[in-house]
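Undergrad: Sharing a structure here in structure tokens format.
The values are calculated or read from the model by the stated rules, or taken from the named source; none is laboratory data. Worth saying up front: this structure is predicted, and the values here are computed from it rather than measured. Here Cβ is always computed from backbone atoms with ideal geometry, including for glycine, and neighbour counts include all displayed protein chains. Only protein heavy atoms, including side chains, enter the accessible area calculation; ligands, DNA and RNA are left aside. Shrake-Rupley method; radii C 1.70, N 1.55, O 1.52, S 1.80 Å.
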Amino acid sequence: MILFCGDPHGEFGHIIQCVQRERPAAVIILGDLCLSLGFEQTFSPILDLTSIWFIHGNHDTDDMCYYDHLFSCPERNLHGRVVEIDGLKIAGLGGIFRRQIWYPPEQPRCITRQDFIAHCGKGNLWRNGLPRKHRSSIFPEDIQLFKGLNADILVSHEAPHKHPHGFHVIDELSNSLGAKKIIHGHHHDAYSYESQSYFNVGFRSILKFQSGHITTC
């Protein structure tokens, strides 16, 4: 069983309680964790009960504290890779599209992070690299990370095109991976798709995936 958790925005009691009750094989958090404490400290009651994974959301770079607490755990980060979790290959794409970088279907302004760094001006750099805000921006190079890979499920912060505020690029990535389902966060009022291939996990909501079936926790 896998629990897919919508944007927690700093509240994790409901996730901890659900894990203690359901004992899932894994938990995947779909962005906007907004961790005010360290990852290990936040999830200490359940670290021995399940495997915890995440992708980042746009608000995870709002604050230096949020950023440091989340990105100090690269081994739990699904962004840009495919990991086998509870017998399923799951691909992760964190972040959002921003017009300063790439806002499909518009052509990208930058392909790589190095492109942006080279032209943004030294005064805009953060820790001698990409501005903190754009560490949660999607670049075309993020999509290229999946070239040649396969997955059963794509988890993303952004929505696919069937959502009123979604993007065809998310579907194109899913199709290239051969994924059968897209499960995303970001949009707090969960959108009801007329399909079992798309799921929007709303604000502090949890979906339970077990034996190919999805229910609420």
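Undergrad: If I go through the stretch 159-217 residue by residue, how many of them are in a strand (DSSP E or B), β-branched (Val, Ile, Thr) and either closer than 20 Å to Cys18 by Cβ or open to solvent by 50 Å² or more (accessible area, probe 1.4 Å) (or both)?
TA: 5
Undergrad: Between a residue in the stretch 80-93 that is within 14 Å of Gly212 (Cα to Cα) and any residue that is in a loop (DSSP other than H, G, I, E, B) and open to solvent by less than 20 Å² (accessible area, probe 1.4 Å), which pairs come within a Cβ distance under 6 Å, given they are 6 or more apart or on different chains?
TA: Lys89/Ala151
Undergrad: Here is a follow-up. Sort out which residues of the stretch 19-39 are in contact with a Lys or Arg (Cβ under 8 Å, 6 or more places away or on another chain) and open to solvent by less than 10 Å² (accessible area, probe 1.4 Å), and write them in order of number.
TA: Scanning the stretch 19-39 gives Pro24, Phe39.
Undergrad: Mind checking whether some residue in the stretch 66-76 is modelled with pLDDT of 95 or more and open to solvent by less than 20 Å² (accessible area, probe 1.4 Å)?
TA: yes
Undergrad: Right, here's the next one. Of the conditions (1) closer than 28 Å to Tyr198 by Cα; (2) open to solvent by 50 Å² or more (accessible area, probe 1.4 Å), Ser44 satisfies every one except a single condition; which number is it?
TA: (1)
Undergrad: When residues of the stretch 84-112 are filtered for being open to solvent by less than 90 Å² (accessible area, probe 1.4 Å) and not in a loop (DSSP other than H, G, I, E, B), how many remain?
TA: Going through the stretch 84-112 one residue at a time, the tally reaches 9.
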